[in-house]
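The values are calculated or read from the model by the stated rules, or taken from the named source; none is laboratory data. Keep in mind it's a predicted model, so treat the numbers as computed, not measured. Positions of Cβ are backbone-derived with ideal geometry, glycine not excepted, and every protein chain shown enters the neighbour counts. Ligands, DNA and RNA are stripped out before the accessible areas are found, and what is left, the full protein with its side chains, is counted by its heavy atoms. Shrake-Rupley method; radii C 1.70, N 1.55, O 1.52, S 1.80 Å.
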Amino acid sequence: MATKEVKERAEKLKALIDKYRYAYHVLNKSEISDEALDSLKHELKKLEDEFPDLITPDSPTQRVSGKPLKEFKKIKHSVKMLSLEDVFSEEEFSDWADRIKKIEPSANLKFYSELKFDGLALSIVYEDGVLSYAATRGDGQIGEDVTQNIKTMESVPLGIPKKRTVEVRGEAIITNKNFEAINREQKKKGLKEYANSRNLAAGSLRQLDPKITASRKLDFFAYDIIGSGEKLHSEEHEALRAMGFKTGGSYERICETKEEIFSHYKKTVKEREKIPYRIDGIVVSVNDNRIFRRLGVVGKAPRGAVAFKFSPKESTTIVEKIIIQVGRTGTLTPVAILRPVEIGGVTVSRATLHNEDEIKRLGLKVGDSVVVGRAGDVIPDIIKVLSALRTGKEKNFHMPKNCPVCGKLVEKSVGMVNWFCVNKNCPARHREGMYHFVSRKAFNIDGLGPKILNAFLDHGLIQDISDIFELKEGDIAPLERFGEKSAENIIKSVNNVKKIPLSRFIYALGMLHIGEETAIDLANELGSLTKLEKANFEELNKMPNIGEVVAKSIIDWFKDDRNKNLITKLLKHIEIINPKKRAPGKLTGKTFVLTGELEAMSRDEAKARVRELGGDPSETVSKNTDYVVVGSSPGSKYARAQKLGVKILDEKEFLKKVK
Ligand code: IVH
């Protein structure tokens, strides 16, 4: 029996899932990503699997799909259109495969692995070789008659050989290229763009006017055939191809072991970007149809097949704690400690909350269920709080009055969002400053990250970052988990960075408000470290791209004796390469901000190209930005550019400019 708490959780999950489903299927409003909704359903399913007494007939896990629309003629499916159970990890997949093997211990049980198309399921019935009628899945038993619409789809044959009577099942999709073209048209006409190709495919099929369906150029991939008598699922796919249907083709294969399936899965993940339409996983079925039938149905899904889904880019989890991190500039950053969850193929257990305002904006309490994603596909962040799942035990969070590391009071300047630890000797600031110094865009010391620096600090091998240039192999090798080889590698990496461009050196110092771009601007304008040290506020402030805040930060930094000493010590080991005067190029005077991913090059390569041509890459969009280059999945900079009316370039236009 489930405990009262688990029962309450399950009930809240049911209600929330139902609310989102209603919004989506009935009101056509998307209030949560498919992936986050899947994650909630998955949590509910797991609870129900563990405590079957939680299952009620109205649970979302018991339903196949939404209500049919009123206007369409209804068609009853000859064989129920089932759904698939989802698994999200090798472990969950293994559990499924082991269960099957236990029930069917046959030595040569084989699996068929194919693509899971992310579209809309269709059933197409041929009678005596002629397309007779076609229906959507509907609720699994009764679907909508979309025969006229199906007939506009070029990849659906109107007749099949040998006058056969069969039912073909498969997925209607819209290719990425068509989807983008349709959205471009919408934009041109000033109409709303479609959120994703699956919704568009579904919407396009459920059109009373087949002309509209035709204009959307839908595609169809077949994956199942009923009433045809093949012994193996793989043979059914061959038969489908022979009848003139498209299938997953080279992405389908027979696998004999779990390991083969895992490697096939990984290969598909890798090639996903190259596939010209959306897929959201692979489907693995028992290849022998007799065994498949014997395995039967559990709930709404066949036991003999499973959807091995790709790791989602969004998921749901619980915020267990909020801790405070003290950065190198003394900034206090709240960080959410999450119940570990897999997103985009990695396990995530913390997400930055940026600052107190962000916690307020999200309305986040400790203990809340949340939707988590990875901003720009990398940094975990909390997208939304699911307050409907609260139990009443959640706790409000308050920023601490004292630095959690050194205990000194914290301060917040008027108009700023961040709290600061003002203690310049705060050990946390010191440590973070060192992590920054060795990081990729600063000294980029291979193999020397926070973990190793912590070990060095904890063993008293270094006091400040300049000490790493004095370490010897014999100092490092005796440390726990090190050895001669790793000691040698670290020393080698340190030696490799003894010559460094001025801009990287400035960036590595970690002054407040001096990011990579500002460091490059300072280096190019001033040309040497001595000039930077000697520059006064007015000189700095009148430089292009340098404002009062940055100028003040530089002056303050050089006033501190500890910083002066650090520079003296560093210069004993390091040779700074001063920049050559930049020759003017065709982009001189133009600032570029990049957001989202480009196909042809990485963001760093794009910035380097802009610089080569005399232009200035920048991180923040302002009225003075000349161009914002927008790649795929752009961030908030895109919206800001639109708001400020800054000229927006897509990848093609950008490439033309930097050619
Ligand atoms: S087999 C027994 N194979 O996924 C159910 N389904 O969640 C038959 N789907 O409703 C499904 N690609 O719309 C199967 N290669 C594939 C698929 C596939 C996509 C969809 C289908 C189904 C849903 C199950």
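Going through Lys300, Lys309 one at a time, which residue ends up being at pLDDT below 95, open to solvent by less than 20 Å² (accessible area, probe 1.4 Å) and either within 16 Å of the ligand (Cβ to nearest atom) or touching a Phe, Trp or Tyr at 6+ places or on another chain (Cβ under 8 Å) (or both)?
Working: Lys300 fails: open to solvent by less than 20 Å² (accessible area, probe 1.4 Å).
Exactly one of Lys300, Lys309 is at pLDDT below 95, open to solvent by less than 20 Å² (accessible area, probe 1.4 Å) and either within 16 Å of the ligand (Cβ to nearest atom) or touching a Phe, Trp or Tyr at 6+ places or on another chain (Cβ under 8 Å) (or both), namely Lys309.
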inquiry  = I'd like the full set of residues that are at pLDDT below 90 and under 23 Å from the mean Cα position of the chain (by Cα), limited to the stretch 603-620.
reply    = Arg603, Asp604, Glu619, Thr620
request  = Check Ile476 against each of (1) surrounded by fewer than 20 Cβ atoms within 10 Å (Cβ to Cβ); (2) modelled with pLDDT under 90; (3) not charged (D, E, K, R) and name the one condition it does not meet.
outcome  = (1)
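Could you please let me know if Glu127 is surrounded by fewer than 18 Cβ atoms within 10 Å (Cβ to Cβ) and within 16 Å of the ligand (Cβ to nearest atom)?
Working: surrounded by fewer than 18 Cβ atoms within 10 Å (Cβ to Cβ): yes; within 16 Å of the ligand (Cβ to nearest atom): no.
In short, no.
Could you please find all residues in the stretch 159-192 being aliphatic (A, V, I, L, M), part of a helix (DSSP H, G or I) and open to solvent by 30 Å² or more (accessible area, probe 1.4 Å)?
Going through the stretch 159-192, the residues aliphatic (A, V, I, L, M) turn out to be 160, 166, 168, 172-174, 181-182, 191.
Within this subset, residues satisfying the condition of being part of a helix (DSSP H, G or I) are 181-182.
Scanning the stretch 159-192 gives a single hit, Ala181.
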ask   = Does Val283 qualify as being open to solvent by less than 50 Å² (accessible area, probe 1.4 Å), of a type in the set (Val, Ile, Thr), over 18 Å from the mean Cα position of the chain (by Cα) and within 14 Å of the ligand (Cβ to nearest atom)?
value = yes
ask   = Which of the residues spanning the stretch 24-59 are at pLDDT below 85 and over 25 Å from Arg374 (Cα atoms)?
value = His25, Val26, Leu27, Asn28, Pro57, Asp58
task = State yes or no: is Ser263 in a helix (DSSP H, G or I), within 16 Å of the ligand (Cβ to nearest atom) and free of Cβ contacts under 8 Å to residues at least 60 places away in the same chain?
result = no
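Given the structure, is Phe443 in a loop (DSSP other than H, G, I, E, B) and either open to solvent by 20 Å² or more (accessible area, probe 1.4 Å) or at negative phi (or both)? Walk me through how you get there before you give the answer.
Details: in a loop (DSSP other than H, G, I, E, B): yes; either open to solvent by 20 Å² or more (accessible area, probe 1.4 Å) or at negative phi (or both): yes.
Judged against the criteria, Phe443 is a match.
Report, by residue number, each residue of the stretch 193-217 that is among the β-branched types (Val, Ile, Thr) and either touching a residue at least 12 places away in the same chain (Cβ under 8 Å) or open to solvent by less than 20 Å² (accessible area, probe 1.4 Å) (or both). Steps first, please.
First, the residues of the stretch 193-217 that are among the β-branched types (Val, Ile, Thr): 212-213.
Selection gives Thr213 alone.
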Residue in the stretch 283-293 that is in a loop (DSSP other than H, G, I, E, B) and under 30 Å from Pro105 (Cα atoms) present = yes
task = Report, by residue number, each residue of the stretch 312-330 that is part of a loop (DSSP other than H, G, I, E, B) and either touching a Gly at 6+ places or on another chain (Cβ under 8 Å) or surrounded by fewer than 16 Cβ atoms within 10 Å (Cβ to Cβ) (or both).
result = Pro312, Lys313, Arg328, Thr329
ask   = So Thr530 fits all but one of (1) of a type in the set (Val, Ile, Thr); (2) in a loop (DSSP other than H, G, I, E, B); (3) out of contact with any Leu (no Cβ under 8 Å at 6 or more places or on another chain); what number is the exception?
value = (2)
query = What is the number of the single condition among (1) more than 27 Å from Phe88 (Cβ to Cβ); (2) in contact with a Phe, Trp or Tyr (Cβ under 9 Å, 6 or more places away or on another chain); (3) at pLDDT below 90 that Asn355 does not meet?
reply = (3)
inquiry  = From the list Phe111, Phe88, exactly one residue is of a type in the set (Phe, Trp, Tyr), open to solvent by less than 60 Å² (accessible area, probe 1.4 Å) and modelled with pLDDT under 95. Which is it?
reply    = Phe88
request  = Could you tell me whether any residue of the stretch 138-146 is in a strand (DSSP E or B), modelled with pLDDT under 95 and of a type outside the set (Asp, Glu)?
outcome  = yes
request  = Scan (1) open to solvent by 70 Å² or more (accessible area, probe 1.4 Å); (2) in contact with a helix residue (DSSP H, G or I) (Cβ under 7 Å, 6 or more places away or on another chain); (3) not basic (Lys, Arg) for the single condition Asp561 breaks and write down its number.
outcome  = (2)
query = Mind checking whether some residue in the stretch 84-104 is without any contact (Cβ under 8 Å) to a residue 60 or more places away in the chain, away from the ligand (no atom under 16 Å from the Cβ) and not in a helix (DSSP H, G or I)?
reply = no
key: Residue list for the stretch 377-390, restricted to those being out of contact with any strand residue (DSSP E or B) (no Cβ under 8 Å at 6 or more places or on another chain) and modelled with pLDDT under 95   = Val378
ask   = Can you tell me which of Asp467, Asp446, Asp458 is more than 23 Å from Ala336 (Cβ to Cβ), within 34 Å of the chain's Cα centre (by Cα) and of a type outside the set (Lys, Arg)?
value = Asp446
query = In the stretch 218-243, how many are of a type in the set (Asp, Glu), open to solvent by less than 40 Å² (accessible area, probe 1.4 Å) and part of a strand (DSSP E or B)?
reply = 1
ask   = Restricting attention to the stretch 384-419, which residues are surrounded by 18 or more Cβ atoms within 10 Å (Cβ to Cβ), over 26 Å from Glu432 (Cβ atoms) and either touching a helix residue (DSSP H, G or I) at 6+ places or on another chain (Cβ under 7 Å) or of a type outside the set (D, E, K, R) (or both)?
value = Val385, Leu386, Leu389
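Yes/no matrix, rows are residues, columns are (1) basic (Lys, Arg); (2) under 18 Å from Ile226 (Cβ atoms); (3) in contact with a Gly (Cβ under 8 Å, 6 or more places away or on another chain):
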position: Thr136; (1), (2), (3): no, yes, yes
position: Val168; (1), (2), (3): no, yes, no
position: Asn176; (1), (2), (3): no, no, no
position: Pro210; (1), (2), (3): no, no, no
